[in-house]
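The values are calculated or read from the model by the stated rules, or taken from the named source; none is laboratory data. All values reported here derive from a predicted model rather than from experimental measurement. Neighbour counts are summed over all protein chains in view; Cβ atoms, including those assigned to glycine, are modelled from backbone coordinates with ideal geometry.
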Amino acid sequence: MASPGNTHIGSENRAIPARRFTARFSETTPRHWCGGDPFLTHFLNAYTLLVPGNEGYYIRTLKLRMPRISDPAMRVMVAQFLLQEGQHGAGHHRCWRMLEAQGYQIAGFHKPVDYFLYRILEPITPLPLRIAMVSCVEHVNAYMAHEFLGQRLLRDATPELQALFEWHFAEEIEHKHVVFDVLNSLPGRYALRLTGAVLVLPLFYLLMGAGALRFLHQDRSLWRRNTWSRVRQHLFSRDHMFRRTLKHAFNYLRPGFHPWELDDSALAREAIERHSLPEHPALRPLPHSRAA
Ligand SMILES: [Fe+2]
Ligand SMILES: [Fe+2]
């Protein structure tokens, strides 16, 4: 179990090295870049629109908490987390040009969403609850990473987009304990964790669903039979994501839960190795990424 002010057993000595994503996106990328699957493509496109704003929110939240963190190991961990997250936002933001070149109108989604989340909701949310909300989104990122990497759901994706998502997901696994451990150092941590989950889980899937539907509508794929059979396969048959998502979400609500009770660090390592091959490197180590 965690003890306030200290990192959790299972969290120590975990490497969180930041890397820069260097692959370029082509304006001729196929519209259904995720193996021809319109649903998975647009679900992940919605994620790409949410990431830059979201990761800015993590960074502002943790920077506000940093002066109150006295445990040196936790300070190093948070500093490394901030470096990784900063790179994710930048990597996904570069992808927006590709989406616009494909003819999608994206500002009508991300501008009102970002305004609501970060101009209206963020200033009225107390810092401990913000930390709990970030911890919950980080859990969602980590279990999506576990499923997408573990089931190789991106195996047929266009190489640069496969690299973008697999790199991001791998790093979500590498740092999945950081904000959870910060939350665990706060008084009232379990009540905060539950409140954060009740707020974040419906909001996350509402926004992801709305974003995906908007892309499908613009793509004229919304009412195609193929789209909905892909949704069914992803949720209920081939990938079983409905059942698996519920399991991961309920796990987070258990009082004794810790992210590293599921040790999937090998999935992260394999993905980073795949995208660091000397012949096609998509990642470059960021200097000083291990400094506090
Ligand atoms: Fe991230
Ligand atoms: Fe993260």
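Of the residues 82, 40, only one is within 29 Å of residue 17 (Cβ to Cβ), of a type outside the set (S, T, N, Q), at pLDDT 95 or above and within 15 Å of ligand 1 (Cβ to nearest atom); which?
82
Name the residue, out of 202, 187, 159, that is in contact with a helix residue (DSSP H, G or I) (Cβ under 9 Å, 6 or more places away or on another chain) and more than 16 Å from ligand 2 (Cβ to nearest atom).
Result of the check over 202, 187, 159: 187.
Of the conditions (1) over 21 Å from residue 43 (Cα atoms); (2) assigned to a loop (DSSP other than H, G, I, E, B); (3) touching a His at 6+ places or on another chain (Cβ under 9 Å), residue 181 satisfies every one except a single condition; which number is it?
Exception for residue 181: condition (2).
On the given criteria, is residue 132 more than 30 Å from residue 281 (Cβ to Cβ) and surrounded by 16 or more Cβ atoms within 10 Å (Cβ to Cβ)?
Yes: the conditions hold for residue 132.
Can you tell me which residue in the stretch 9-34 is nearest to the chain's Cα centre (by Cα), limited to those that are closer than 19 Å to residue 280 by Cβ and of a type in the set (Gly, Ala, Ser)?
Out of the qualifying residues, it is 23.
Can you give me the number of residues within the stretch 197-220 that are free of Cβ contacts under 8 Å to residues at least 24 places away in the same chain and β-branched (Val, Ile, Thr)?
So the answer is 1.
Among residues belonging to the stretch 103-127 that are hydrophobic (A, V, I, L, M, F, W, C) and over 17 Å from residue 61 (Cα atoms), point out the one that is surrounded by the fewest Cβ atoms within 10 Å (Cβ to Cβ).
Applying the filter and picking the extreme gives 107.
If the requirement is being surrounded by 16 or more Cβ atoms within 10 Å (Cβ to Cβ), away from ligand 2 (no atom under 15 Å from the Cβ), under 15 Å from the mean Cα position of the chain (by Cα) and among the hydrophobic types (A, V, I, L, M, F, W, C), which of these qualifies: 249, 197, 170? Quick ask: steps written out before the conclusion?
Details: 197 fails: under 15 Å from the mean Cα position of the chain (by Cα); 170 fails: away from ligand 2 (no atom under 15 Å from the Cβ).
Result: 249 is the single residue among 249, 197, 170 that is surrounded by 16 or more Cβ atoms within 10 Å (Cβ to Cβ), away from ligand 2 (no atom under 15 Å from the Cβ), under 15 Å from the mean Cα position of the chain (by Cα) and among the hydrophobic types (A, V, I, L, M, F, W, C).
Between a first residue in the stretch 128-152 that is within 11 Å of ligand 2 (Cβ to nearest atom) and a second residue that is not in a helix (DSSP H, G or I), which pairs have beta carbons less than 7 Å apart while being 6 or more apart in sequence or on different chains?
So the pair list comes out as 138/176; 142/176.
Right, residue 241: under 29 Å from residue 270 (Cα atoms), within 16 Å of ligand 1 (Cβ to nearest atom) and at pLDDT 95 or above or not?
Considered against the rule, which asks whether it is under 29 Å from residue 270 (Cα atoms), within 16 Å of ligand 1 (Cβ to nearest atom) and at pLDDT 95 or above, residue 241 comes out as no.
State yes or no: is residue 51 farther than 26 Å from residue 151 by Cβ, of a type in the set (Val, Ile, Thr), crowded, with 19+ Cβ neighbours inside 10 Å and within 15 Å of ligand 1 (Cβ to nearest atom)?
It is false that residue 51 is farther than 26 Å from residue 151 by Cβ, of a type in the set (Val, Ile, Thr), crowded, with 19+ Cβ neighbours inside 10 Å and within 15 Å of ligand 1 (Cβ to nearest atom).
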